[in-house]
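Accompanying notes for the structure given below.
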Amino acid sequence: MSNNNPYIPMPVQISKIINEVDTNDIKTFRFTFLNKEDEQNFKYMPGQFAELSIYGKGESPIGIASSPTDPGYVEFTVSRAGTIVPGLVTAALHDMNEGAQIGLRGPLGNPWPIEFLEKKNIVMASGGFAFTTLRSLINYMLHKDNRNRFGEITLIYGARNPGLLLYKDELAAWEKRDDIKSFITVDKGDDTWSGRQGNVPAVCKEVAPSPKNTVAVICGPPIMNKFTQPVFFDLGFSKENILTSLEMRMKCGIGKCGRCNVGYKYVCSDGPVFSLAELEELPRDF
């Protein structure tokens, strides 16, 4: 039965597992709700997250990787403990098989600001594992019911090597479309790679998107963000028109534990999406 208690997770079942990378430590889990009422009440938008809970292990906050335009299930791309996101929950989840049941609590946090993005051009720069919630945003914007609400869409996405690129089938499909410009890159290719080589900041500089009526969404590992943001400043983007996510700071999800605070903001309830102008007012401890 559905309930209004934010601490009690909803039961869900793993209906599909996709191994995303060659190292076998990042998988996408598709969950279906055991109760139809829970499915109907789980209304989310790109950029939000949820808590995945496993009995005897605990719970872990994970960004939602699917789009609300794909009803009937919700997806999360999860890194095994000890690689990117340490913890008992992620390790236990990776050891589960299709058909297993866990708990799901959410949706939590605030989404990418869809109304702010409407009628604007959008440039997304992302790297590695941080691409998950941007995948949700892209699929939402490209949906036939939504595409005309947005201007030009440009994606700049990279990984250290070809085997670490996420969502390879979707990347290939997006590159064939004429309503999104995709620039997929790797730091260093291999014998199978015939695409672009170079890190994300360098490719952003090469692509040089115009700041006119354009919003940049930058979401990647800290080192990528550090060197990508100045590229957009040099191109003329204002801090109000550069968005990012502090997803890695999330804890309890409902602003109670205080472990995600940055200054007077709670990432789980005030974010995780912020503009750089908003972050400039906060202590640099994120």
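Being among the small types (G, A, S) and within 16 Å of I242 (Cα to Cα) is a description that does not apply to S136. G103 satisfies every condition listed in (1) within 22 Å of V21 (Cβ to Cβ); (2) outside any loop (DSSP other than H, G, I, E, B); (3) not assigned by TED's automatic domain parsing to the domain that holds K212 except (1).
Scanning region 132-153 for residues that are under 14 Å from S182 (Cα atoms) and among the basic types (K, R) yields one hit, R135. Taken together, Q13, Q48 contain a single residue that is touching a residue at least 12 places away in the same chain (Cβ under 8 Å) and out of contact with any Pro (no Cβ under 6 Å at 6 or more places or on another chain), which is Q13. Within region 167-200, if we keep just the residues that are acidic (D, E) and within 22 Å of V78 (Cα to Cα), the residue that is surrounded by the fewest Cβ atoms within 10 Å (Cβ to Cβ) turns out to be D169.
The values are calculated or read from the model by the stated rules, or taken from the named source; none is laboratory data. Worth saying up front: this structure is predicted, and the values here are computed from it rather than measured. When we count neighbours, we look across all protein chains shown, and the Cβ atoms used for this are built from the backbone with ideal geometry, even at glycine.
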